[in-house]
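Every number in this text was worked out from the coordinates using simple rules, so none of it is lab data. Here the structure is a predicted model, which is why all the values come from computation and not from measurement. Quick reminder, even Gly has a Cβ in these numbers, built from the backbone with ideal geometry, and neighbours come from all protein chains shown.
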Amino acid sequence: MQVLSTLPRKDPASLGIPSRAILNFIDAIEESGLELHSFMLLRHGCVAAEGWWAPYRPEFRHALYSLTKSFTSTGIGLAVMEGRLSVDDPVISFFPDDLPAEISENLASMRIRHLLSMSTGHAEDTAGKLFEGTGVGEARAFLGLPVEYQPGTRFVYNSGASHMLSAIITKVTGQTLFDYLKPRLFEPLGIEDATWDLSPGGINTGGWGLSIRTEDIARFGQLYLNLGVWRGKQIISKEWVREATSVQISTGDGGASDWAQGYGYQFWRCRHGAYRGDGLFGQSCIVMPQQDAVVAITAGVKDMQAVLNHVWDRLLAAMGSEPVAESDEDREALARKVSSLAILPPVTRCDSPAVQRVSGRHFSVTSPGGDAWDLTLSFDKDQCLVEIDDRNGHYHLNCGLGRWLVSDTVLLGSVPGTSGAMKVALSGGWSNDNTFQITIRSIEVPHLLGKVICHFGDDIPRVEYQEIR
């Protein structure tokens with residue numbers, strides 16, 4: 001599928017960013033062992049640089065995790081613009097049928113602004129309590145929890161609060177948050193084919209669950225950088241953008257950590273006058289108003305602060321106010337680099353004497369859980385067709401040898417929020433003459449699914465599956 005771009009592209013030097021600085025950023029990321037899946041750098045409304053590490057591609061959606069929260073916040077901002085609610089409305093006013101028998105003073109004083117700023121008064125994240133299968137419903141579960149502190153007095157990261165914002169949108173509009181945002185945000189920005197998880201109660205998960213493409217993240221950041229204006233139209237009010245991205249509550253002493261700069265309405269403040277939407281494993285939409293720049297990142301990292309440090313040290317620090325002169329050598333070096341980005345397969349040996357005796361044979365496999373299935377590997381030059389038969393059907397997966405190949409399959413589940421197949425990338429290689437390893441990587445979530453290890457050295461072949469979620 002070819003994604004139609006809506007963001008103009010310009011040479012980074014014409015936007016005041018040396019190509020060498022972007023190369024240094026990429027090199028620093030890779031030398032640090034940080035697994036980025038994509039990045040897009042915008043300056044003055046134009047794409048200065050972009051790249052995807054194979055097997056990730058521009059046209060593939062990527063789970064945002066908690067970067068979803070910034071979109072949820074935008075939904076509340078739009079509802080405020082339309083006069084449907086106020087951030088000072090009591091939370092309990094939206095759920096009269098879900099209130100506990102006794103309403104504490106702290107619960108009664110909880111406002112929408114406290115949900116937005118993660119200052120609800122709870123001592124810990126409430127998200128886990130909302131989905132315990134008690135059958136009481138998510139709103140009732142949330143409202144029945146103790147509110148230990150006065151709302152507005154302390155920050156506690158609380159994805160349950162974000163979920164309640166989604167529930168409030170559904171209460172006041174009669175629509176899911178996703179359906180509410182489609183004509184107001186996604187369609188104007190040209191965000192297509194997005195998916196968003198639904199909770200058991202039929203509410204879009206406000207704290208996570210949205211999947212969009214890297215350029216969609218960049219457009220969202222540019223909308224906020226433009227104070228809510230997109231192509232000359234005020235999509236979200238300037239007042240909301242300023243309020244949502246300003247410090248609403250302290251998160252620390254403002255030191256070297258980008259988690260200690262304060263929190264707005266589902267946005268984190270950063271050093272250098274920047275702010276960001278932020279998700280687990282490094283999903284980021286970083287907005288730098290002083291530099292008129294946006295950085296969109298998808299990733300599978302644990303050290304998210306290290307990624308931000310490289311953004312500040314290599315990209316932000318290199319941004320000048322005027323176009324810069326640079327050599328053709330640097331320009332061409334950057335073009336070569338971004339066109340060759342790839343996550344290296346863990347095993348790259350492509351051939352073995354065992355290929356002739358195992359190719360096309362059927363092997364019976366029993367998983368640790370006791371499920372039985374049949375596996376067939378058919379080798380052909382630089383790829384291998386993996387066929388799996390289990391009680392649910394017959395599946396074909398393309399596996400690259402020493403490289404990644406992408407397949408659509410329902411073997412491992414469906415795309416969240418749809419009934420469609422999941423995209424997975426497979427790479428196979430021989431770790432020795434008799435052991436063939438297949439690594440399976442999900443393309444739409446930022447972590448591995450697992451690996452299949454086939455041992456062919458014995459009279460009875462052994463196949464094991466190891467999950468690496």
Size of electric dipole in the chain: Cβ of Lys, Arg +1 and of Asp, Glu -1, about Cα centre, debye, nearest 20: 820
Using unit Cβ charges (K, R positive; D, E negative) and no other charged atoms, how large, in debye to the nearest 20, is the dipole of segment 19-60 about its Cα centre? 220
For the pair SER32/LEU385, report the inter-label distance in nm, with labels modelled 7 Å from Cα in the Cβ direction. 4.4
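From Cα pairs below 8 angstrom and at least 6 apart in sequence, can you work out the relative contact order of segment 260-372, rounded to a whole percent?
In percent, rounded to a whole number, it is 11.
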So, with points 7 Å from each Cα along the Cβ direction, the SER109-GLN290 label distance in nm works out to 3.6
By how many nm would the segment from VAL172 to ASP197 lengthen if fully extended, with 0.36 nm per residue of separation less the alpha-carbon distance? 7.0 nm
Quick query: amide H of TRP230 versus all other amide H atoms, modeled in the peptide plane; which residues come in under 5 Å with a sequence gap of 5 or more or a different chain? ILE235
When DSSP assigns beta bridges and you keep just the ones with both residues in segment 355-467, what percent turn out antiparallel, to the nearest 5? 95
Of VAL410, ALA372, PRO446, which is farthest towards the positive pole of segment 355-467's charge dipole, taken about the Cα centre with +1 and -1 on the beta-carbons of Lys, Arg and Asp, Glu respectively? PRO446
Can you tell me, using C-alpha contacts under 8 Å and at least 6 residues apart, the relative contact order of the chain as a whole percent? 17
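Using 1/(1 + (r/R0)^6) with R0 = 51 angstrom and r between the beta carbons of GLU464 and TRP312, what's the FRET efficiency to the nearest 0.05?
Numbers: r = 44 Å, r/R0 = 0.85.
About 0.70, to the nearest 0.05.
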Give me the extension gain from ASP89 to SER257: residue separation times 0.36 nm, minus the current Cα-Cα distance, reported in nm with one decimal. 57.2 nm
Once the dipole of segment 45-180 is set up from charges on Cβ (+1 Lys and Arg, -1 Asp and Glu), the residue from the list TRP53, TYR157, ALA63 lying farthest towards its positive end is TRP53
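Roughly speaking, what is the stretch gain from GLN150 to ASP179, that is 0.36 nm per residue apart minus the C-alpha to C-alpha distance, in nm to one decimal?
Details: separation 29, 0.36 × 29 = 10.44 nm, distance 3.36 nm.
Extending this stretch completely gives an extra 7.1 nm.
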Going through segment 52-144, which GluC sites (Glu not before Pro) have at most 15 other Cβ atoms within 10 Å and a DSSP loop state? GLU59, GLU82, GLU102, GLU124, GLU132
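Percent antiparallel among DSSP beta bridges with both residues in the chain, to the nearest 5? Could you put the intermediate results ahead of the total?
Values: 82 of 87 bridges.
If I count the DSSP bridges inside the chain, around 95 percent turn out antiparallel.
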